[in-house]
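Accompanying notes for the structure given below.
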């Protein structure tokens, strides 16, 4: 199995991940009912975010923490929600890629999840 190498790989990973997320009984509600996610807008932003995070491109502009703080005000994002997000991400990475960047994708997702949980607790 190949490693994550380019934007096409990021697109594949993000698309497969969100296909799972949107169907997930625990966290899908955040995207479908709470924010009524416009995937045509959100998904390309996620491509840019993960391409910047994993491949060093500089095409992501934004602050994901602000969006999650806003979301948390609408419906509390609990540790089990972050755990499911991480598990689905890790599962998707492992199903499709193997190597240094794939490992980094999992590591970064865990770091992001931990940081977001910490920041959201500070806001209570």
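I'm checking my understanding of the structure. Among residues of segment 84-100 that are over 18 Å from residue 23 (Cα atoms) and touching a residue at least 24 places away in the same chain (Cβ under 8 Å), which one is surrounded by the most Cβ atoms within 10 Å (Cβ to Cβ)? That would be 97. Condition test on residue 106, is it in a helix (DSSP H, G or I), within 18 Å of residue 2 (Cβ to Cβ) and touching a helix residue (DSSP H, G or I) at 6+ places or on another chain (Cβ under 9 Å)? In short, yes.
Selection over segment 72-82 of residues that are within 12 Å of residue 116 (Cα to Cα) and either crowded, with 16+ Cβ neighbours inside 10 Å or out of contact with any helix residue (DSSP H, G or I) (no Cβ under 8 Å at 6 or more places or on another chain) (or both) gives a count of 5.
Every residue, every condition in (1) assigned to a helix (DSSP H, G or I); (2) surrounded by 13 or more Cβ atoms within 10 Å (Cβ to Cβ), yes or no:
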residue	(1), (2)
30	yes, yes
33	yes, no
41	yes, no
45	yes, yes
48	yes, yes
52	yes, yes
60	no, yes
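Taking residues in segment 107-119 that are without any contact (Cβ under 8 Å) to a residue 60 or more places away in the chain, and partners anywhere that are loosely packed, with under 13 Cβ neighbours inside 10 Å, the pairs with Cβ atoms closer than 7 Å and at least 6 places apart or on different chains are 117/79.
Rule-based calculations on the coordinates, nothing more; no lab input. All of these numbers come straight from a predicted model, not from anything done at the bench. Ideal geometry is used to build each Cβ from the backbone, glycine not excepted, and the neighbour counts take in all protein chains shown.
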